[in-house]
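Q: I'd like to ask you about the structure that follows.
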Amino acid sequence: MSRRIAVSALQVPEVGERILLVDEDLSIALFNVDGQLYAIDDCCPHQGASLCSGRLEGQVIKCCAHGLRFDLASGYLLNSTRMRVASYPVEVIDGEMFIVIVSEECIP
Ligand code: FES
C-alpha cells in the first residue's frame, strides 16, 4: 500500500536547492539536483540529524552532524549498503507532482 504527498509548483525547489516537507509523521527533504528531484527522509539514520540542512555534493548529501554521506537516489550510505535513509520516488501525473510513500517506509 502506498500514498502520495502532493507537491505544489511553489514548493518545488530551484536547481541546487532543497525544501523540507512535513506530512503527518514524516519529514521529507526534497532536493533538486540539476533538474532531477530526489526525496528522502529528513532524519539521518546515524543519529537523527536533519539531512535537509546537510551539504549537497552533486547527488550526495553530507550530514552536517558527523559527515556521513548518502546517495540521494538510493538512500544508501556512500560506498556501502549497511545504512540507508528512506528514499521516495517523485512522480508527475497529469502535470501534478507527488512524492510516493510505500507503506513499509511510512514507519519511522
Ligand atoms: S547524525 Fe548524521 S552522520 Fe551522525
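The values are calculated or read from the model by the stated rules, or taken from the named source; none is laboratory data. Bear in mind the structure is a predicted one, so any value in this text is a computation, not a measurement. Here the Cβ is made from the backbone with ideal geometry for all residues, glycine too, and neighbour counts use every protein chain on show.
Q: Go through segment 1-41 residue by residue and tally those that are in a strand (DSSP E or B), β-branched (Val, Ile, Thr) and surrounded by 14 or more Cβ atoms within 10 Å (Cβ to Cβ). Let's see the steps before the verdict.
A: Step one: list which residues in segment 1-41 are in a strand (DSSP E or B), which gives 2-7, 18-23, 26-33, 36-41.
Next cut, β-branched (Val, Ile, Thr) only: 5, 7, 19, 22, 28, 33, 40.
Filter once more, so that each one left must be surrounded by 14 or more Cβ atoms within 10 Å (Cβ to Cβ): 5, 7, 19, 28, 33, 40.
Residues in segment 1-41 being in a strand (DSSP E or B), β-branched (Val, Ile, Thr) and surrounded by 14 or more Cβ atoms within 10 Å (Cβ to Cβ): 6 in total.
Q: Of the residues in segment 53-80, how many are of a type in the set (A, V, I, L, M, F, W, C), out of contact with any Gly (no Cβ under 7 Å at 6 or more places or on another chain) and more than 15 Å from residue 36 (Cα to Cα)?
A: So the count comes out to 5.
Q: Taking the condition crowded, with 17+ Cβ neighbours inside 10 Å and of a type in the set (Val, Ile, Thr), does residue 93 pass?
A: Details: crowded, with 17+ Cβ neighbours inside 10 Å: no; of a type in the set (Val, Ile, Thr): yes.
It is false that residue 93 is crowded, with 17+ Cβ neighbours inside 10 Å and of a type in the set (Val, Ile, Thr).
Q: Also, quick follow-up: Out of the residues in segment 98-108 that are out of contact with any Ser or Thr (no Cβ under 7 Å at 6 or more places or on another chain) and at pLDDT 95 or above, which is surrounded by the most Cβ atoms within 10 Å (Cβ to Cβ)?
A: Here is the first cut: in segment 98-108, the residues out of contact with any Ser or Thr (no Cβ under 7 Å at 6 or more places or on another chain) are 98-99, 104-108.
Now narrow it down to the ones that are at pLDDT 95 or above: 98-99.
Details: 98: 17, 99: 21.
Among those that are out of contact with any Ser or Thr (no Cβ under 7 Å at 6 or more places or on another chain) and at pLDDT 95 or above, it is 99.
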